[in-house]
Structures are given as structure tokens and as C-alpha cells.
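Q: Just passing along the structure, written as C-alpha cells.
The values are calculated or read from the model by the stated rules, or taken from the named source; none is laboratory data. Bear in mind that the values here come from a model prediction, so they are computed numbers and not experimental data. Neighbour counts run over all protein chains shown; Cβ positions are idealised from the backbone, glycine included. The protein model used for the area step is the full one, side chains on, heavy atoms only, and it has no ligands, DNA or RNA in it. Shrake-Rupley method; radii C 1.70, N 1.55, O 1.52, S 1.80 Å.
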Amino acid sequence: MNSQAMSANNPSDLPVVSDRLAKNAMRNVSERLIEALLLGAAAVSVLTTVGIVYVLVSESIHFFQQVSIVDFLTDTQWTPLFDDAHFGIMVLVSGTVVSSLVALSVAIPMGTIIAIYLSEFANSKVREIAKPILELLGGIPTIVFGYFALLVVTPVLQVILPELPGFSLLSAGLVMGIMIVPYIASLSEDAMRAVPMSLREGAYAMGSTRLYTALHVVVPAAFSGLAASYILAISRAVGETMILAVAAGMQPNLTWNPMEPAATITSYIVQVALGDLPHGSIGYLTIFAAGLTLLLITLVFNILGQWLRAKFRENY
Amino acid sequence: MQIHDNPALKAEARNLNFYYGEAKALKGINMPIYDKKVTALIGPSGCGKSTYLRSFNRMHDLYPGNRYEGEIRFFPDNTNLLSPEVDPIEVRMRVGMVFQKPNPFPKSIYENVAYGLRVRGENNKRVLDDKVEHALKGGALWDEVKDRLNELASNLSGGQQQRLCIARALATDPELLLFDEPTSALDPIATAAIEELVHELKKRVTILIVTHNMQQAARVSDYTAYMFLGEMIEFGKTDEIFLKPKDKRTEDYITGRMG
């Protein structure tokens, strides 16, 4: 023991490294290569983001050289292509906010209830069938949802609400909510299933029913995951385009009433981008200003999501 | 099995078999649980001690494919806990459990202890305050947490969390308290605190404890049962089991481990 320790301290006494332990130059090269490849892949997505932000910001700077930020935020009209041009982004923001609120008021309760059912009540057979079908719903192209809203949901709603116009934030928002349900249900279910069984057993051992366990132990334990799924849902709702472009009408309309048609930030961008605007004109620049606004809104929610996740991290 | 001057029975397993699907995990177990005594279950891993313990509060009902045969009689009312007509939730209202790893709920210390009371529909603040304090004192935790009852339970140390889980189980005044290796995740000091607590608790409640640690069984229990491969090999007063076991297999296990 002692003599070994001493010889290890003296390098000249060390035995020659055997072939098996010798450094392998080829392996070094291939490791480096793979590392470079991985870094490259990561860089693509980071650079894309940087590029998008750069374009949005630089074009928006041109826009704000012509329109003041105060007007942009306070004007109550959005008529960038008229002779009497107004650039009140709140008009579009109101459409985005109202349609998102309608969507979330459908998607959050429904998605959460489905997740609780799948995670805490359904047996494994039901779950194995139901979950893929549910996720399929998330794979339907949004244009299909858009026409579903316009041609099915709106007429049905008009039976109950006769004064509902043919295009409305309500009908587009409801269908958008249904579209978002699978995202919330799937992510929330994952979060609840990650709650360790020992916690559930503890609750059952105290005499709780399944529902009481689900609501009072599993949901609070999975809260950070639920919050993350809600935040993702908000980002989806705010960024959704086609359903709103098809079913909500595209008139810029400063309203908080879901029964009215209105344009949202995204549907405005689609509308203008489809038109024939000269590069560099003020109408063209509004696309970037609106896009930047959208980016900032989703950024706020992403930061909020990160914060929620850190605050309510799983501590079981 | 013939023990004279026996105390009153709290529960009794009668010809209990248990199956995980096709696999028979408990084989014809007969065993008394005496009132206000500590009974320890010892035996090598996989011998069925935890399976047996978890039959008392019907934990196996949570998973599909599990099946009981035989009876666990519960006294003084002589109910068969395993009867299909008996609601497992009612069983768990009378039989508390403390798990291997502390599993406090993601709530405050106060709400953890109040949990079982709230499950039973108690919402009166004064009653809750009172019972929470009493339970935390019973769990030997009150002095450490009385000034921070609203903090998250997960901020407590492992040993404190386990005592919190004991207090949580005590809050609803169970008649039988099951401990499933309650100290295997704890350091020696926290373990000593739990053992002392178990000793204290038997004045109020009957205790059934599974342990890997034979010294622990010798220290805390009045009665000991040795299980092996799903069978009850020997049951008796703890002193007798450890000093003069009747069965060769019990002796091998005890001497093999204790050296």
C-alpha cells in the first residue's frame, strides 16, 4: 500500500502506458467534429432568431422615424393605407387580446380537465387511445379550423345569438380555443404524470378520493408544468393567424366586444403582405412595426413563463 | 403463538393471501396485532412485509390486477377490512400510514397537517388550529415549526418532513398507524427522533412497522413477526424472537445480520 503510493508520486517509476490506454488521435478528431456539428446546429436556430429580431427592429426604426411612438400607442384608428393615415396599434392589439381571451377561456378549463381525466382517472387503455387522437387535433391545419369557424360555428352561434355578424372574434376565438386544447391537455398531462406516485399514495392513505387527490395534491404539485402549458397556449393564441384571417373579418376595429368582427395583429400582417405594397413605403413598414409588437407580447409571456417555472418549480 | 396475558386485539390477519396478478405474494398469513402495542415486521427484501402492511389500508386497491384472499379483522367492531363491501376510503380514515420516503404535500406545514381534517370536511378554523397544534406536538415537531406554520413543508429537513408526515397521519386520530420503513431515508439522529416518537405514540395508537433494521425492531417493538418468501415464519414477543427464536430460519436471519 505504502510503496505503491510512493511510486505513484514519482513519475519516472510509472509503468509505460499500455496500448489500450494510449491516447487515440482519431477519436479526438471525431469528437471535435461532432462537437462542431452540434454547435453548428445550435447556432442555426440562434442566428435565425437574431436575424428576425434584427430585421424587425431595423425596419421598425424606419417606421418610427415617420410615426411617433406616442401616436402608435394611443391613436384609436388603424388606417395605414388610407390617405388620412392613422397608426394606432391598439386597434389591432384589442382584436388580438379579445380573440385570445375567448380562446383561452375555452382552452384552459377544457385542456386542464382533459389532462386531469387522462392522468388521474383514465385507465391505461383509454389513455393510450385518447392521447394520440387528441394530439391529432393539434395537427389539423389552422386554415381548416378557420373555415370550420366560418362555415359551421358561426351559423350555429347565430341560432343562439341572432345579432352575431358573419365574421366575429367570438366564433374565431372559440375555434382557436379548441385548436389549443391539445397543447394544454398534452403538456399538463405530462406534468401531472411526472408527479411521483408516493405523493398520490400519501393523499390516498389520508382517505382522499381520486378527485380530491387530483385537485388538492396533484394539480398543486404539477403547477409549474400547468403554468408552462398555459403560457404556451397564450403564445399560440396571440400568434394564431389563419383562423382569425378567415373567420374574424379583417376590419381594424377598436373593440373589446367579442361579438364584433375585428382585425388582429397577425391577420393584418397577412392582409397587407398579400397586397401589392411598394418596398419601403409606410404601409410596408407597418408590417414590421406590427410584427415587432407581436414579438414583444410573446416575449413578455415567455419571460413570465420562465419566472413562473422558477418560482413554482417542482419541489416534491 | 400461544402467548398468555395477551392485550386486547386491534386487528388480526386470518389466512391472508395476496396476489399481484398471478404472482402470489402473501401465503396464508395468520397474525394478531395487539392494541396500543408496536408490532414490527422484519425479513429480507422481497419477503412481503410491505405488501402485508399495505393490505391494512387497502393501498393495493389503487392498482389494477391486485387481489386479496382471506380476512383482516379489525376490532372492536370485527370488520373485515378486505371485504369488497368495505369502502377503502373508510378503511383509510381509520388506518393511517407513514411512508418510506417523507412525502409532504406541496403545501404549507399547516395545510399538510390539516389535510386529513379537510378531507373529512372540517373547515372550522378554530378546530383546525387546535388539532394541527395537537398533531404537531404529537409528532414532536411543534417547537421547531410553530413560528413558521405557513412555510412550505418542502423547506423542512428530511427528518422534520418525516415527523410532519407522522403528524399529518396523527391529526385524524387513526386507530392503527402503519410505518413502512419510516427511517430508511434518514440520518441516525433523525432516526433516533422517530424511534423515540414511535415509543411515545403507542400510548395513543396501535402501531405496525416494517423495518429493515433489526436493531430498530428490537428497540421499538413489543412484538415482532419474521416473514420470509411471503410466509409468516414466526411471531412472538420481541424479546423472545430475538433471544430465543423457535424457528431455525428466524435464528439464521437474526444472527446472520446481527453478527
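Q: Restricting attention to segment B:35-75, report how many residues are farther than 22 Å from B:Leu229 by Cβ and either in contact (Cβ under 8 Å) with a residue 60 or more places away in the chain or under 17 Å from the mean Cα position of the chain (by Cα) (or both).
A: The qualifying residues number 9.
Q: Additional query: Where residues in segment A:77-101 are farther than 24 Å from A:Thr298 by Cβ and of a type outside the set (Asp, Glu), which of them is surrounded by the fewest Cβ atoms within 10 Å (Cβ to Cβ)? Show your work before the answer.
A: To start, the set of residues in segment A:77-101 that are farther than 24 Å from A:Thr298 by Cβ comprises A:77, A:79, A:81-86.
Next, from what is left, pick out any that are of a type outside the set (Asp, Glu): A:77, A:79, A:81-82, A:85-86.
Values: A:Gln77: 16, A:Thr79: 14, A:Leu81: 14, A:Phe82: 10, A:Ala85: 16, A:His86: 16.
The residue in question is A:Phe82.
Q: Follow-up question, since we're still on this one. Tell me which residues, restricted to segment B:168-208, are within 14 Å of B:Lys36 (Cβ to Cβ) and either open to solvent by less than 10 Å² (accessible area, probe 1.4 Å) or in a strand (DSSP E or B) (or both). Quick ask: steps written out before the conclusion?
A: Step one: of segment B:168-208, the residues within 14 Å of B:Lys36 (Cβ to Cβ) are B:173-177, B:198-208.
Of everything in segment B:168-208, those that are within 14 Å of B:Lys36 (Cβ to Cβ) and either open to solvent by less than 10 Å² (accessible area, probe 1.4 Å) or in a strand (DSSP E or B) (or both) turn out to be B:Leu176, B:Leu177, B:Val198, B:Leu201, B:Val205, B:Thr206, B:Ile207, B:Leu208.
Q: For segment A:217-234, does any single residue satisfy the condition of being more than 14 Å from every other protein chain (Cβ to nearest Cβ) and closer than 26 Å to A:Thr74 by Cα?
A: Yes.
Q: In addition: With the requirement that a residue be open to solvent by 10 Å² or more (accessible area, probe 1.4 Å) and not polar (S, T, N, Q), what does segment B:50-63 give you?
A: B:Arg54, B:Arg58, B:Asp61, B:Leu62, B:Tyr63
Q: Sort through B:Leu141, B:Leu136, B:Leu128 and tell me the only one that's away from every other protein chain (no Cβ under 11 Å), open to solvent by less than 10 Å² (accessible area, probe 1.4 Å) and more than 21 Å from the chain's Cα centre (by Cα). Outline the logic, then answer.
A: Values: B:Leu141 fails: more than 21 Å from the chain's Cα centre (by Cα); B:Leu136 fails: more than 21 Å from the chain's Cα centre (by Cα).
Step by step, each of B:Leu141, B:Leu136, B:Leu128 is checked, and only B:Leu128 is away from every other protein chain (no Cβ under 11 Å), open to solvent by less than 10 Å² (accessible area, probe 1.4 Å) and more than 21 Å from the chain's Cα centre (by Cα).
Q: Also, I was wondering about something else. Filter segment B:10-24 for residues that are more than 19 Å from the chain's Cα centre (by Cα), on the phi < 0 side of the Ramachandran plot and touching a residue at least 40 places away in the same chain (Cβ under 8 Å) and give the result.
A: B:Asn17, B:Tyr19, B:Tyr20, B:Lys24
Q: With the requirement that a residue be assigned to a strand (DSSP E or B) and on the phi > 0 side of the Ramachandran plot, what does segment B:209-235 give you? Show your work before the answer.
A: Going through segment B:209-235, the residues assigned to a strand (DSSP E or B) turn out to be B:209-210, B:223-228, B:231-235.
Matches in segment B:209-235: none.
Q: Pull up segment B:57-66, narrow it to residues that are within 15 Å of B:Asp87 (Cα to Cα) and not hydrophobic (A, V, I, L, M, F, W, C), then point me to the one that is nearest to the other protein chains (Cβ to nearest Cβ).
A: Ranking the qualifying residues of segment B:57-66, first place goes to B:Asn57.
Q: Based on this model, can you work out whether B:Arg219 counts as at pLDDT below 90 and more than 27 Å from B:Val91 (Cα to Cα)?
A: No.
Q: I need a count of the residues in segment B:84-121 that are away from every other protein chain (no Cβ under 12 Å) and either open to solvent by less than 20 Å² (accessible area, probe 1.4 Å) or at pLDDT below 90 (or both).
A: 1
Q: Going by what's in this entry, would A:Thr298 be described as part of a helix (DSSP H, G or I), open to solvent by less than 60 Å² (accessible area, probe 1.4 Å) and within 16 Å of A:Val97 (Cα to Cα)?
A: Values: part of a helix (DSSP H, G or I): yes; open to solvent by less than 60 Å² (accessible area, probe 1.4 Å): yes; within 16 Å of A:Val97 (Cα to Cα): yes.
So A:Thr298 fits the description; yes.
Q: Any residue in segment A:284-304 that is among the β-branched types (Val, Ile, Thr), modelled with pLDDT of 85 or more and closer than 30 Å to A:Pro162 by Cα?
A: no
Q: Given A:Leu157, A:Leu170, which one is surrounded by fewer than 20 Cβ atoms within 10 Å (Cβ to Cβ), touching a helix residue (DSSP H, G or I) at 6+ places or on another chain (Cβ under 9 Å) and part of a helix (DSSP H, G or I)?
A: Result of the check over A:Leu157, A:Leu170: A:Leu157.
Q: Starting from residues that are surrounded by fewer than 19 Cβ atoms within 10 Å (Cβ to Cβ) and in contact (Cβ under 8 Å) with a residue 40 or more places away in the chain, keep the ones in segment B:215-224 and report whichever is nearest to the chain's Cα centre (by Cα).
A: B:Asp222
Q: While we're on this one: Yes or no: segment A:177-188 includes at least one residue that is within 14 Å of chain B (Cβ to nearest Cβ), in contact with a helix residue (DSSP H, G or I) (Cβ under 6 Å, 6 or more places away or on another chain), of a type outside the set (D, E, K, R) and open to solvent by less than 30 Å² (accessible area, probe 1.4 Å).
A: Within segment A:177-188, not a single residue is within 14 Å of chain B (Cβ to nearest Cβ), in contact with a helix residue (DSSP H, G or I) (Cβ under 6 Å, 6 or more places away or on another chain), of a type outside the set (D, E, K, R) and open to solvent by less than 30 Å² (accessible area, probe 1.4 Å).
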